[in-house]
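Engineer: One structure follows; several queries about it will come next.
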Amino acid sequence: MTRKRVAVLISGRGSNLQALLDAQGPLCPYEIVVVVSNNPGAAGLDRAREAGVEAAAVDHRVFGKDRAAFERSLDAFLRDRNVELVALAGFMRVLTPFFVNAWANRLINIHPSLLPSFPGLDTHARAIAAGAKLGGCSVHWVTEGVDAGPIIGQAAVPILPGDTPESLAARTLDAEHMLYPACLALVCGGAPLLPGDAQPMLVNAFVEDR
Ligand code: GRF
C-alpha cells in the first residue's frame with residue numbers, strides 16, 4: 001500500500017499529533033514523515049522524535065514581521081521532503097493566501113468547536129457564555145478564511161452545567177483524538193481530496209465521563 005506522505009504542523013504540546021502518530025498501524029493510509037513547529041521549544045517535537053519521525057523548527061521569529069518569507073521557507077521545507085498533505089494540529093500562526101493556495105486541497109486543520117459555530121480563539125469560553133449545550137470539534141479543509149473551509153468530519157460532546165473552559169477543553173480534546181486520525185485516514189485513503197466532493201463524516205465521540 002502506498003501511504004500518503006503527511007507533515008504535521010504544530011506550535012505546542014502536540015496531543016493531537018500523538019493521536020495521529022499512534023494511529024499509524026499497518027493498514028493506515030498515511031505516514032507522518034515530518035513534524036514542523038514554528039516554536040523550537042514545542043513539546044510536540046519531542047513526541048515526534050520519540051516516534052522516530054523527523055522533527056524540525058521553522059522559527060517564525062527569525063523572519064520578523066515578514067510572514068511571506070516565513071511561509072516560503074516552510075513551503076520549501078515541505079516540498080523538499082515530498083510532502084503530499086499537511087495537517088495542522090495546534091499550529092498557532094494564521095497562514096496567508098500564499099501558503100493556503102500553494103497547498104490548496106492538501107491542507108487540513110482541527111478546530112475545537114462544531115464549526116461554523118465559534119471559529120477563532122477562546123472557543124470554549126464563548127460556547128459556554130453563549131449557553132450552547134453541544135460542543136465538539138471539526139476537521140476541515142483550510143481555505144483563506146479562518147476556520148471557514150469545508151468540513152471533513154465532526155465529533156460532538158455535551159456542554160455540562162458547571163463546565164469551565166478548561167473542563168470543556170479537556171472533554172473536547174478526547175473527541176479530537178478520535179476524530180483527527182479518522183479524518184486524516186479518510187482523506188488519505190482514497191476519499192476525494194477536492195473539497196467540493198468530500199462528504200463530511202460524523203464520529204460518535206459523545207464523551208460524558210470527564
Ligand atoms: C487543540 O484543541 C486543537 O483543536 C487546537 O489547538 C489545540 C492543540 O492541542 N487547534 P494539541 O497541541 O494537539 O495538544
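Engineer: Quick check: is even one residue across region 48-61 surrounded by 19 or more Cβ atoms within 10 Å (Cβ to Cβ) and in a strand (DSSP E or B)?
Structural biologist: Yes - at least one qualifying residue is present in region 48-61.
Engineer: With Ala42, Ala68, Ala48 as the choices, which residue is aliphatic (A, V, I, L, M), more than 16 Å from the ligand (Cβ to nearest atom), more than 20 Å from Trp141 (Cα to Cα) and not assigned by TED's automatic domain parsing to the domain that holds Lys133?
Structural biologist: Ala68
Engineer: Let me ask another. Just give me the residues in region 126-151 being in a strand (DSSP E or B) and closer than 15 Å to Pro112 by Cβ, in sequence order.
Structural biologist: Answer for region 126-151, where residues must be in a strand (DSSP E or B) and closer than 15 Å to Pro112 by Cβ: Leu134, Gly135, Gly136, Cys137, Ser138, Val139, His140, Ile151.
Conditions (1) modelled with pLDDT of 95 or more; (2) over 14 Å from the mean Cα position of the chain (by Cα), marked per residue:
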position	(1), (2)
Ala129	yes, yes
Pro165	yes, yes
Val187	no, no
Val207	no, yes
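Engineer: Restricting the first residue to region 86-101 and requiring it to be of a type in the set (Gly, Ala, Ser) and within 12 Å of the ligand (Cβ to nearest atom), which pairs with a second residue that is part of a loop (DSSP other than H, G, I, E, B) and open to solvent by 20 Å² or more (accessible area, probe 1.4 Å) meet a Cβ separation below 9 Å and a spacing of at least six or different chains?
Structural biologist: Filtered contacts from region 86-101: Gly90/Gly12; Gly90/Arg13.
Engineer: Filter region 31-40 down to the residues that are of a type outside the set (S, T, N, Q) and surrounded by 22 or more Cβ atoms within 10 Å (Cβ to Cβ), then identify the one that is nearest to Leu74 (Cα to Cα).
Structural biologist: Going through the qualifying residues, I end up with Val36.
Engineer: (1) in contact with a helix residue (DSSP H, G or I) (Cβ under 7 Å, 6 or more places away or on another chain); (2) on the phi < 0 side of the Ramachandran plot; (3) within 11 Å of the ligand (Cβ to nearest atom): which one isn't true of Ala125, the others all being true?
Structural biologist: (3)
Engineer: Tell me, yes or no, whether region 178-188 has at least one residue that is surrounded by 22 or more Cβ atoms within 10 Å (Cβ to Cβ), away from the ligand (no atom under 16 Å from the Cβ), under 23 Å from Leu95 (Cβ atoms) and β-branched (Val, Ile, Thr).
Structural biologist: Yes, region 178-188 has at least one match.
Engineer: Considering Ala43, Ala76, which residue is open to solvent by 40 Å² or more (accessible area, probe 1.4 Å) and touching a Lys or Arg at 6+ places or on another chain (Cβ under 9 Å)?
Structural biologist: On inspection, the qualifying residue turns out to be Ala43.
Engineer: Tell me which of these Asn82 doesn't satisfy, since it passes every other one: (1) modelled with pLDDT of 95 or more; (2) assigned to a loop (DSSP other than H, G, I, E, B); (3) within 21 Å of Thr143 (Cα to Cα).
Structural biologist: (3) is the only condition that Asn82 fails.
Engineer: Under 13 Å from Gly149 (Cβ atoms), of a type in the set (S, T, N, Q) and part of a helix (DSSP H, G or I) - does that describe any residue in region 107-122?
Structural biologist: no
Engineer: Within the set of pairs 6 or more residues apart or between chains, which connect a residue that is among the acidic types (Asp, Glu) inside region 165-182 to a residue that is assigned to a helix (DSSP H, G or I) and near the ligand (Cβ under 10 Å from one of its atoms) with Cβ atoms less than 7 Å apart?
Structural biologist: Glu176/Asn16
The values are calculated or read from the model by the stated rules, or taken from the named source; none is laboratory data. Note that this is a predicted model, so its numbers are computed, not measured. Heads up, the Cβs are rebuilt from the backbone with ideal geometry, glycines too, and the neighbour counts pull from every protein chain shown. The area values use the complete protein model at the heavy-atom level, side chains included, leaving out ligands, DNA and RNA. Shrake-Rupley method; radii C 1.70, N 1.55, O 1.52, S 1.80 Å.
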